[in-house]
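The values are calculated or read from the model by the stated rules, or taken from the named source; none is laboratory data. A quick note: this is a predicted structure, and the numbers were derived from the prediction, not measured. Ideal geometry is used to build each Cβ from the backbone, glycine not excepted, and the neighbour counts take in all protein chains shown. Just the protein is used for accessible areas: all its heavy atoms, side chains included, with ligands, DNA and RNA removed. Shrake-Rupley method; radii C 1.70, N 1.55, O 1.52, S 1.80 Å.
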Amino acid sequence: AIYSLIAKYAQARQTKDPIMVESVFATEVDQLTSSGEWRRGKANAIEGVMRSSATSPGSRTITVESVRFVGSESAIADARYEIKSDDGSVRKMWSTFIVIYEDTAWKISAIRNMLPDN
């Protein structure tokens, strides 16, 4: 279910679908981008995701490498995150997703994006 959740987030980014982004986010969500921007709160996170998807075009691939359960209703998912631009260049990052079981489904509560040195 967590792999599917992250795949749905990636699809929402790729299709620039704010309703789908909202559906995968928990009530309380925040994001720290690779550029150091904090997006706190659901409205800010959705707006920021839509803005960055529009200003950084290209195909996005998020590949979950590991999932570690912290409890029965929370987990950490680490993923490779790549954006392939129209010019063929590839921006390679790491993303960590904190996910929680909220209401009746897994939701993203926090995202941390990192740009490695290599």
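Return one number: the angle in degrees, 0 to 90 and rounded to the nearest 10, between the long axis of the Cα atoms of helix 2-15 and the longest principal axis of the Cα atoms of the chain.
40
Considering the options 33, 18, 3, tell which one lies farthest towards the positive end of the dipole of the range 1-48, charges being +1 on Lys and Arg and -1 on Asp and Glu at the Cβ, about the Cα centre.
Most positive-ward Cα: 3.
Lys and Arg at +1, Asp and Glu at -1: add these up for the other residues within a Cβ distance under 13 Å of residue 83 and post the number.
+3
What's the extension gain from residue 80 to residue 47 if we count 0.36 nm per residue and subtract their Cα-Cα distance?
Once the chain is fully extended between residue 80 and residue 47, it gains 9.6 nm.
Distance between the C-alpha centers of the range 85-118 and the range 1-48? Whole Å please.
9
Obtain the nm distance between the two label points defined at residue 1 and residue 38 by a simple spin-label model: each point lies 7 Å from its Cα along the Cα-to-C-beta direction.
3.1
Between 0 and 90 degrees, rounded to the nearest ten: what's the tilt of helix 42-55 against the longest Cα principal axis of the chain?
Tilt of helix 42-55: around 20 degrees.
Would you please give the residues with an amide H less than 5 Å from that of residue 29, counting only those at least 5 places away or on a separate chain, with H modeled from the backbone geometry?
41, 42
Can you give the accessible area per residue of the chain, in Å², using a 1.4 Å probe?
55
Below 19 Å, Cα to Cα, which lysines can residue 42 reach? Residues fewer than 8 away in the same chain don't count.
8, 16, 107
For the chain, what is the calculated [θ] at 222 nm in deg cm²/dmol (nearest 500), taking -39500 (n - 2.57) for each run of four or more DSSP H residues and dividing by its residue count?
-9000 deg cm²/dmol
Please compute one quarter of the surface area of the Cα convex hull for the range 21-118 and express it in square nanometres.
6.6
In percent, how large is the relative contact order of the chain, given Cα pairs closer than 8 Å and 6 or more residues apart?
The value is 26 percent.
Percentage of Cα-Cα pair distances in the range 1-43 greater than 13 Å, rounded to whole percent?
When all Cα pairs of the range 1-43 are counted, 59 percent exceed 13 Å.
Would you mind checking the radius of gyration and Dmax of the range 48-98 based on alpha-carbon positions, in Å?
Radius of gyration, then largest Cα-Cα span, for the range 48-98: 13.5, 43 Å.
Keeping every protein chain in place, order 46, 19 by accessible area at 1.4 Å, biggest value first, i.e. largest first. Each step should come with its number before you reach the end.
Working: 46 25, 19 130 Å².
Of 46, 19, the descending order of accessible area is 19, 46.
Based on Cβ point charges of +1 for Lys and Arg and -1 for Asp and Glu, what charge dipole magnitude is obtained for the chain about its Cα centre, in debye rounded to the nearest 20? Mind showing how you got there, number by number?
Numbers: 15 positive and 15 negative charges, 39 e Å.
That gives a dipole near 180 debye.
Over the heavy atoms of residue 69, what accessible area does a 1.4 Å probe trace out, to the nearest 10 Å²?
120
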